[in-house]
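K.L.:
I am attaching a structure below and will ask some questions about it afterwards.
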Amino acid sequence: MVFCIITHVIHGFENEEYFAYSPYVREMNIWSKYVDKLLIVAPIGLDEKNAIHINYNHKNIDFIKVKSFNFLSFKDTFATLITLPKVIFTIFKAMKNADHIHLRCPGNMGLLGCFIQIFFPNKPKTAKYAGNWDPKSVQPLSYRLQKWILSNTFLTKNMKVLVYGEWENSTKNIKPFFTATYLESEKEKIEIRNLNSKIRFMFAGSLTNGKRPLYAVQIIEKLKRKGIDLQLDIFGNGVERQILENYINDNKLNDFVFLRGNKTQDEIKKAYIQSHFLILPSKSEGWPKVVAEAMFWGCMPIATDVSCISNMLAKEERGMILSLDIEKDVDRISSIIFNKEEYSLKTEKGLIWSRKFTLDFFETEIKKILS
């Protein structure tokens, strides 16, 4: 089987191997176990690997480079209009040569793929919609357009669309799905954290406005002012790192708020095991892996009510939903810190639920889809 991936994910090439953002590649390596050849249509722009990148495992890869594009400014739009015909032709040709078409959405490449796949109604197809599928959420026009095309069974035929969460009035081709990080064999016995010692919080994700890392810092600052012995470890990098550094320095938070940068999966796992709480005040998510990962290692998630997070947390049976009213959020977190029974119950339920979603189970489901 020739498996064609259409994705906006930026790739790199080093030592005769292709690499990209590790959560994406790790998932594609599972899909690729059941195909003979990978046909990847994507941009290349990474000069070197770092802690958040890994290689594809497949030995038969035909990589077709396209220019990345966007419509963020007049200059970018003009350049895109020149580039677009070639990109469209490249995607069309790759789909024609494929046995199975796989779209990664939402994204600019995914948007083009949504249109072009219409011309291949008889080919088996899948789309992984890694964003927020909630029909009530406010999203950019390009995202809404992708969701509309994928849901339209007249335009989109012979496709399974994998989405996060279960949503009312979904068309028959929409399949609730999940993602995973750990193997069944990686499960270890986890002891519920002791709340009598220093309370450790962590944030894991890109340091961007959409993830609201500053709000996480401000929560920790207010909890500290209430006399709680704590620390916050922030994992990840991004455009807001300087803003965070300035805020931490200006407000003298250096003794208990630490910017750790990008770390490997093993280092993040160690942080989950050492932490009491994960804070994720995101504006938007798909299936936030960090929430499931934190629960897997007995770290209680505190997150915003976006996408399928409320479902993941079973409406706060397995964690806490942020209101984004900082005084209320601080009071509620304080209450949990001083209520050992509530913390233990939520953490234990999260541990049990999250450990169903292993890579073994994920691979079994992928195998079913491809067969």
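Just so you know, all these numbers are worked out from the coordinates, no wet-lab data involved. Since the structure is predicted, the reported quantities are computational estimates derived from the model, not experimental observations. Neighbour counts are summed over all protein chains in view; Cβ atoms, including those assigned to glycine, are modelled from backbone coordinates with ideal geometry.
K.L.:
May I ask which of Lys187/Lys226; Lys175/Lys270; Lys136/Lys222; Lys125/Lys356; Lys136/Lys224 have a Cα-Cα span longer than 30 Å here?
P.N.:
Lys187/Lys226; Lys175/Lys270; Lys136/Lys222; Lys136/Lys224
K.L.:
What are the ³J(HN,Hα) values, in whole Hz, obtained from phi via the Karplus relation 6.51 cos²θ - 1.76 cosθ + 1.60 with θ = phi - 60°, for each residue of region 263-279 in sequence order, with x given for Gly and Pro?
P.N.:
10, 6, 4, 5, 5, 5, 4, 4, 5, 4, 5, 8, 9, 7, 9, 9, 10
K.L.:
Still on this model: Measure out, as a whole number of angstrom, how far apart the alpha-carbon centroids of region 73-93 and region 147-175 sit.
P.N.:
For region 73-93 versus region 147-175, the Cα centre distance is 27 Å.
K.L.:
Something else about it: What net charge do the residues around Asn169 carry, taking every other residue with its C-beta under 14 Å from that of Asn169, with Lys and Arg at +1 and Asp and Glu at -1?
P.N.:
0
K.L.:
Just order 76-84, 231-239 by mean Cβ neighbour count inside 10 Å, highest at the front, would you?
P.N.:
So the order, starting with the most tightly packed, is 231-239, 76-84.
K.L.:
Right, another one. Under the rule of at least 5 residues apart or a separate chain, name every residue whose amide H is placed under 5 Å from the amide H of Met300.
P.N.:
Hits under the 5 Å cutoff: Phe277, Leu278.
K.L.:
Rounded if a/c is under 1.5, else prolate if a/b is larger than b/c, else oblate: which is region 64-132, with a ≥ b ≥ c the root eigenvalues of its Cα gyration tensor?
P.N.:
oblate
K.L.:
Then there's this: Just to confirm the number: angle between the C-alpha axis of helix 74-96 and the first principal axis of the chain, 0 to 90 degrees, nearest 10?
P.N.:
60
K.L.:
If I take R0 = 30 Å and measure r between the Cβ atoms of Lys136 and Asn158 in this structure, what FRET efficiency does the formula 1/(1 + (r/R0)^6) give, to the nearest 0.05?
P.N.:
Taking R0 as 30 Å, the efficiency between Lys136 and Asn158 is 0.60.
K.L.:
Same structure again: So for the pair Glu14, Gln242, with labels modelled 7 Å out along Cα→Cβ, what separation do we get in nm?
P.N.:
2.5
K.L.:
Separate question: Which whole number of Å³ per residue matches the convex hull of the alpha-carbon atoms in region 243-371?
P.N.:
In region 243-371, the Cα convex hull volume per residue is 142 Å³.
K.L.:
May I ask you to derive the relative contact order of the chain, considering only C-alpha pairs under 8 Å and at least 6 residues apart, and to give it as an integer percent?
P.N.:
14
K.L.:
Which aspartates and glutamates have a Cα less than 12 Å from the Cα of Lys49, not counting those fewer than 8 places away in the same chain?
P.N.:
Leaving aside aspartates and glutamates fewer than 8 places away in the same chain, those within reach of Lys49 are Glu14, Glu17.
K.L.:
Also: For Asn251 and Ile192, what does the FRET efficiency come to when R0 = 30 Å and r is the distance between their Cβ atoms, rounded to the nearest 0.05?
P.N.:
0.40
K.L.:
Continuing with the same structure: Taking amide H positions as placed in the peptide plane 1.01 Å from N, state which residues far from Tyr164 in sequence (5 or more) or on other chains have amide H under 5 Å from it.
P.N.:
HN-HN under 5 Å from Tyr164: Trp133, Phe177.
K.L.:
What fraction, in whole percent, of alpha-carbon pairs in the chain exceed 34 Å separation?
P.N.:
Above the 34 Å cut-off, the chain has 30 percent of its Cα pairs.
K.L.:
Relative to the present Cα-Cα distance, how much length would full extension add between Ile61 and Lys226 at 0.36 nm per residue of separation?
P.N.:
My answer for the length gained is 53.8 nm.
K.L.:
What residues have an amide H closer than 5 Å to that of Ile54, excluding those fewer than 5 places away on the same chain, when H is modeled at 1.01 Å from N in the peptide plane?
P.N.:
The answer is Ala20, Ser22.
K.L.:
State the Cα centre-to-centre distance between region 41-69 and region 208-269 in whole Å.
P.N.:
Comparing the Cα centres of region 41-69 and region 208-269, I get a distance of 31 Å.
K.L.:
Okay, next question. Once both axes come from the Cα atoms, what is the angle between helix 241-250 and the longest principal axis of the chain, in degrees from 0 to 90, rounded to 10?
P.N.:
10
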